[in-house]
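First comes the structure, then the notes that go with it.
What follows draws every value from the coordinates through simple rules; no lab data is involved. In this text, all values refer to a predicted model and were calculated from it rather than measured experimentally. Virtual Cβ from ideal backbone geometry, glycine too; neighbours counted across all protein chains shown.
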């Protein structure tokens, strides 16, 4: 068995979610909405948590964006974690 150090740990930035709310086609406008959100599986939630923990070491502010463009291969939606300096 090979010994590995903590510096060999990597975090995948490819984040996905099961659904984005409100769904496309809703009759309400963005100003009428009180909430927005996304549904995560257990693995997706763990991946998002890992990325958030990793980036908060260096970033002061974080923006999480879920896109409504569904990937046809697994029917999931992309999520990005970004910052503005």
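Which residue is nearest to residue 38 (Cα to Cα), if the candidates are limited to the stretch 64-76 and must be under 9 Å from the mean Cα position of the chain (by Cα) and surrounded by 13 or more Cβ atoms within 10 Å (Cβ to Cβ)?
Step by step, filter the stretch 64-76, then rank; the result is 66.
I'd like the residue in the stretch 15-63 that is within 17 Å of residue 81 (Cβ to Cβ) and in contact with a helix residue (DSSP H, G or I) (Cβ under 8 Å, 6 or more places away or on another chain) and, out of all such residues, is surrounded by the fewest Cβ atoms within 10 Å (Cβ to Cβ).
62
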